[in-house]
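This report refers to the structure that appears directly beneath it.
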Amino acid sequence: MIAATVPPPRVVLYEGAGSAPLDPGERTRLLAALLDRGYAVTRAVPGGAARDDASAAAAFVVLGRFGGTVPDVHDAAGRPVHVHDIGMSTVDEAVALVEESRAGRPMNRPDAGAATWKPWFPVIDTARCTNCMQCLSFCLFDVYGVSPADHTLRVENPANCKVNCPACSRVCPEVAIMFPKYHAGPIDGAPVSDADVHREKMKVDISALLGGDILAKLRERSAEAKSRFSKERSADAALAERRRCLTKLADAAAIPREVLDALPTPEEIERRTAEAARKAAAARDAREHATGRAVQS
Amino acid sequence: MSETAGSTPRVLYCRCAYAQVVPGDVKDAVLDGLARSSAAFEMVPDLCEMAARRDGQLADIARAVDPARPLHIVACWPRAVRGLFHLADARLPDAGVEILNMRAESAADLLARVGLDVESGSGPTTPQVPA
């Protein structure tokens, strides 16, 4: 999980004064290797770096071909910076030098297999969002919140989002919720057409998902499963029953099965739904109040 | 450290390393084109991951936008890229930013739009190590 990791250091590939440039092919391989392990890279060349680093938001490591004379470099706070001469290093060895500079601190990385947190979460198109808060009401995982400054919707806890689940984007009436790593538009961020906005199949009625018939059916099935469980004493049978019930939901909203399997009990869903609805209503009231005050003044 | 003004385009490249939604051949060819140019650039493994962490580097990049020297962000759909910066509390200005989409354009077109000379970089320079 991303919360348990620290930001990786940024790598500065220094090809300025006192450093010989890399061979272009080697540069390509080194850049790809660093990026695919989760490191951002700045290339500094004659004429300047790509941006102003006045605030130096991240710790960094410098790589260059210094001909054996490694410069002594300190950051703005006077701390020594890791500088490595990669003149005689292979790409793998240069990457290893960067890895060493992390001193074993955990970082999220693309090449960590099952330990990787895939950055999957909703992104709001603020030009389209009307702050209706339907998504906030819909989400059971506290992904959404409200900005205390202006009572607008915001993505508060992106790491809470269920990977590969785009369900909340389908309840947005303005097609304002994107998942940049989704496979198709407009959910992936592609331009929104009028047809998208009006396409009923893009939207799933919240009441159908979380209230009304489906919730009643979940509760009913849950009770049946509990009853059967008590008779058969089989957890597997109860789980299978729950899965059967949720299949319909998965088909309706393209929600991954594992997400539905991980849903809490119907009672907990109901409690969370009520809490989310309360937050959404409070946010709408606050916005209306603020708007009213602005109009009066 | 202050930036040296010049005619060289400013480039931010996103590798989209945590997913396979950007065609691999396109992002590899763009990376190679940038690496063979003489330009300074920023490359990040994944803008989504950085936005989720609200990485301060995104705010640095947004603050450094200068309409006189446009920033080319080579990533994915512009709507998504702007949303990611916004999520990271790093609002990109409208002027001075061009977002190029590796999901929809060819590598050759993208590199042409960035306007880089694709050669090996060399020559003397002033040290530009981040402050």
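The values are calculated or read from the model by the stated rules, or taken from the named source; none is laboratory data. The structure displayed is predicted, hence computed values, not measured ones. With ideal geometry, Cβ positions are generated from the backbone for all residues, glycine too; neighbour counts draw on all protein chains shown. All accessible areas refer to the heavy atoms of the entire protein, side chains included, with ligands and DNA or RNA removed. Shrake-Rupley method; radii C 1.70, N 1.55, O 1.52, S 1.80 Å.
A quick yes/no check of all residues on (1) modelled with pLDDT of 95 or more; (2) under 18 Å from A:Lys181 (Cα atoms):
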position: B:Leu12; (1), (2): yes, no
position: B:Gly24; (1), (2): yes, yes
position: B:Asp46; (1), (2): yes, yes
position: B:Arg69; (1), (2): no, no
position: B:Arg82; (1), (2): yes, yes
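Restricting to the stretch B:35-46, count the residues that are within 8 Å of chain A (Cβ to nearest Cβ) and either of a type in the set (A, V, I, L, M, F, W, C) or more than 30 Å from A:Asn157 (Cα to Cα) (or both).
So the answer is 8.
Mind listing just one residue for me: the one in the stretch B:53-67 that is within 8 Å of chain A (Cβ to nearest Cβ) and small (Gly, Ala, Ser) and, of those, farthest from A:Asn157 (Cα to Cα)?
Here the answer is B:Ala64.
Would you pick out the residues in the stretch A:65-79 that are open to solvent by 60 Å² or more (accessible area, probe 1.4 Å) and under 33 Å from the mean Cα position of the chain (by Cα)?
A:Ala76, A:Ala77, A:Arg79
Inspect all residues belonging to the stretch B:19-31 and state whether any of them is under 14 Å from the mean Cα position of the chain (by Cα), crowded, with 21+ Cβ neighbours inside 10 Å and part of a loop (DSSP other than H, G, I, E, B).
Within the stretch B:19-31, none of the residues are under 14 Å from the mean Cα position of the chain (by Cα), crowded, with 21+ Cβ neighbours inside 10 Å and part of a loop (DSSP other than H, G, I, E, B).
Can you tell me which residues in the stretch B:72-86 are within 7 Å of chain A (Cβ to nearest Cβ) and out of contact with any Cys (no Cβ under 9 Å at 6 or more places or on another chain)?
B:Trp77, B:Arg79, B:Gly83, B:His86
Just to verify a result, which residue in the stretch A:88-122, among those that are aliphatic (A, V, I, L, M) and outside any loop (DSSP other than H, G, I, E, B), is surrounded by the fewest Cβ atoms within 10 Å (Cβ to Cβ)?
Of everything passing the filter in the stretch A:88-122, A:Ala114 is surrounded by the fewest Cβ atoms within 10 Å (Cβ to Cβ).
Among the residues of the stretch A:123-158, count how many are facing another protein chain (nearest Cβ under 10 Å) and assigned to a helix (DSSP H, G or I).
Matching residues across the stretch A:123-158 total 1.
In the list B:Leu92, B:Leu84, B:Leu100, B:Leu34, which residue meets the criterion of being buried (at least 19 other Cβ atoms within 10 Å of the Cβ) and assigned to a strand (DSSP E or B)?
B:Leu100
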